[in-house]
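Visitor: Handing you this structure, nothing more for now.
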Amino acid sequence: MELFSTKLIYMLSFVMRLVTALNTTAASELKVERDEFASILMKVGLKRNVAKVLTYLAGVAEATSREIEIGSDLRQPEVSIAMREIRKLDWIAERDEKNPGKGRPYRIYKLNRSLPEIVDYLEGEKSRESERMMRQIEKLKSLKSN
């Protein structure tokens, strides 16, 4: 019974936060903006699940894995894969929070880089990629002329 009430308390707090977010008048506008932001991230080379998780996390202070699943409209394995890649880039901070009652603690995530820092990183990567391509094209031109 204690385990059930603990899970119920956790779920109720999550539902309350979700209802609060959904009740805002700008919720539909926010979804369009998030979708556009994620789409642009994908166009510059991020994988779909990474783009969606980053977009969701950029809009919240912190979130559990379950909240990320729901907020980014991804399945649990997709969130796990995305989190692994985001961890490698050191864009995420994690902490464990004890579950009130029995059971193992749950992990809370938040971005530890600002969106401008992430965009700057992506810009630098694309710039370096473009420079590499141009060097290859120049090499092709020189080989053809010989």
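The values are calculated or read from the model by the stated rules, or taken from the named source; none is laboratory data. Because the structure is predicted, anything quoted here is derived from the model rather than measured. Counting neighbours? That spans all protein chains shown, and the Cβs are built from the backbone with ideal geometry, glycine included. Side chains included, ligands, DNA and RNA excluded: accessible areas come from the protein's heavy atoms. Shrake-Rupley method; radii C 1.70, N 1.55, O 1.52, S 1.80 Å.
Visitor: From the residues in segment 82-97 that are under 13 Å from L46 (Cβ atoms) and under 11 Å from the mean Cα position of the chain (by Cα), which one is surrounded by the most Cβ atoms within 10 Å (Cβ to Cβ)? Quick ask: steps written out before the conclusion?
Guide: Restricting attention to segment 82-97, the residues satisfying the condition of being under 13 Å from L46 (Cβ atoms) are 82, 85-86, 88-89, 91.
Next, from what is left, pick out any that are under 11 Å from the mean Cα position of the chain (by Cα): 82, 85-86, 91.
Working: A82: 25, E85: 16, I86: 22, W91: 19.
Top of the filtered list is A82.
Visitor: What's the number of the only condition in (1) over 27 Å from E33 (Cα atoms); (2) without any contact (Cβ under 8 Å) to a residue 60 or more places away in the chain that I81 fails to meet?
Guide: Here I81 meets the rest and fails (1).
Visitor: Moving on. State which residue is farthest from I40 (Cα to Cα) when the search covers only segment 98-143 and only residues that are open to solvent by less than 80 Å² (accessible area, probe 1.4 Å), not in a helix (DSSP H, G or I) and not small (G, A, S).
Guide: P100
Visitor: Exactly one condition in (1) crowded, with 18+ Cβ neighbours inside 10 Å; (2) out of contact with any Phe, Trp or Tyr (no Cβ under 8 Å at 6 or more places or on another chain) is not met by S72; state its number.
Guide: So the condition that S72 fails would be (2).
Visitor: Filter segment 44-62 for residues that are closer than 15 Å to E94 by Cα and surrounded by fewer than 22 Cβ atoms within 10 Å (Cβ to Cβ) and give the result. Give the steps one after another, and end with the answer.
Guide: Pass one, segment 44-62, residues closer than 15 Å to E94 by Cα: 53-54, 57-58, 60-62.
Answer for segment 44-62, where residues must be closer than 15 Å to E94 by Cα and surrounded by fewer than 22 Cβ atoms within 10 Å (Cβ to Cβ): A58, V60, A61, E62.
Visitor: Does V19 satisfy being under 20 Å from R113 (Cα atoms) and either open to solvent by 50 Å² or more (accessible area, probe 1.4 Å) or at pLDDT below 95 (or both)?
Guide: Values: under 20 Å from R113 (Cα atoms): no; either open to solvent by 50 Å² or more (accessible area, probe 1.4 Å) or at pLDDT below 95 (or both): yes.
No, not satisfied.
Visitor: I want to confirm something. Restricting to segment 57-102 and keeping residues that are polar (S, T, N, Q) and at pLDDT 90 or above, which single residue is farthest from I118 (Cα to Cα)? Write out each step before concluding.
Guide: Pass one, segment 57-102, residues polar (S, T, N, Q): 64-65, 72, 76, 80, 99.
From the residues that got through so far, the ones that are at pLDDT 90 or above too are 64-65, 72, 76, 80.
Details: T64: 21, S65: 21, S72: 18, Q76: 24, S80: 20 Å.
If we take residues in segment 57-102 being polar (S, T, N, Q) and at pLDDT 90 or above, then Q76 is farthest from I118 (Cα to Cα).
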